[in-house]
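Have a look at the structure below, then the notes.
Each value in this text was obtained by applying a stated rule to the coordinates, not by laboratory testing. All of these numbers come straight from a predicted model, not from anything done at the bench. Ideal geometry is used to build each Cβ from the backbone, glycine not excepted, and the neighbour counts take in all protein chains shown.
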Amino acid sequence: MSKSFDHIVKKQFEYLLKDFHFRLELCKKIRGRYDILYVSDICAVHIVYEIREAYLFITLHKLQNGIFVDNPRPIKPDSLLTGYSLNDILLLRAPHAVIRPAYSYGAKSEYYDKEHGLSLYVSKFADNLKSHAADVLVGDFKIFDVLEPIVKKRAQQNK
């Protein structure tokens, strides 16, 4: 029997608790998506799983006065950005590691295995976070300075 999404996330991202001293602040299903938030003393990892899109969005945030503050929407040139997506980090550091929505791999993909597919899919994201953004998890936010103009430019182009 396959496990629920929240159980899978807790297992795959357990290293955030053990190795990086995060705590699980939020884990709930809201209107067709799961919303999960891990927080440390300096950083937050926000995980959103859009069920219909079959895609995981992970955003890493620098806490503001010890509090998780999401990015403003829409993003404007003068917006204070607190977080950046794992995919944007991967595009700079390891573009080969970017994971697409599960459906884009096709119905015969290992991600569609009824027993282990979702767990395998989530594990790829967990591995990417640990392998390519561990510096952010411990409070080194230098990559955010590089990402800010990229994200703001993209936001203006997508108006």
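Under a straight-distance cross-link criterion of Cα-Cα below 18 Å, which lysines are reachable from Lys159, leaving out those fewer than 8 residues away in the same chain?
Lys76
If you fit an axis through the alpha-carbon atoms of helix 117-132 and take the longest principal axis of the Cα set of the chain, what angle between them do you get, 0 to 90°, nearest 10?
Around 30 degrees separate the two axes.
Which one is right for this structure if Cα extents along the principal axes in Å is calculated from it: (1) 131, 23, 14; (2) 47, 36, 31; (3) 41, 37, 27?
The listed entry that was calculated here is (2).
Identify which of Asp145, Asp78, Asp70 has the largest mean-square fluctuation in a Gaussian network model of the chain, with springs joining Cα atoms closer than 10 Å.
Asp78
Could you work out the relative contact order of the chain? I mean the mean sequence separation of Cα pairs under 8 Å and 6+ apart, divided by the number of residues, in percent. Provide the component values of the computation, followed by the final result.
Values: 219 pairs, mean separation 32.6, N = 159.
Rounded, it is 20 percent for the chain.
Quick check on my link table: of Lys18/Lys152; Lys11/Lys114; Lys62/Lys153, which ones sit more than 24 Å apart, alpha carbon to alpha carbon? Intermediate values should be presented prior to the final figure.
Numbers: Lys18/Lys152 34 Å; Lys11/Lys114 18 Å; Lys62/Lys153 20 Å.
Where the Cα-Cα span goes over 24 Å, the pairs concerned are Lys18/Lys152.
Can you give the local net charge around Gly32? Use residues other than it whose beta-carbon is closer than 14 angstrom to its beta-carbon, Lys and Arg +1, Asp and Glu -1.
Working: positive: Lys28, Lys29, Arg31, Arg33, Arg52; negative: Asp35, Glu50, Glu53.
Spelling it out: positives minus negatives among the neighbours equals +2.
Could you please report the charge total around Leu63, scoring K, R as +1 and D, E as -1 over all other residues with beta-carbon less than 15 angstrom from its beta-carbon? List each step's numbers first, then the result.
Values: positive: Arg23, Lys62; negative: Glu25, Asp41, Asp70, Asp140.
Every neighbour counted, the sum reads -2.
Comparing His96, His132, His21, which has the greatest mean-square fluctuation in the GNM of the chain with Cα pairs linked when under 10 Å apart?
Of the options given, His96 has the highest mean-square fluctuation.
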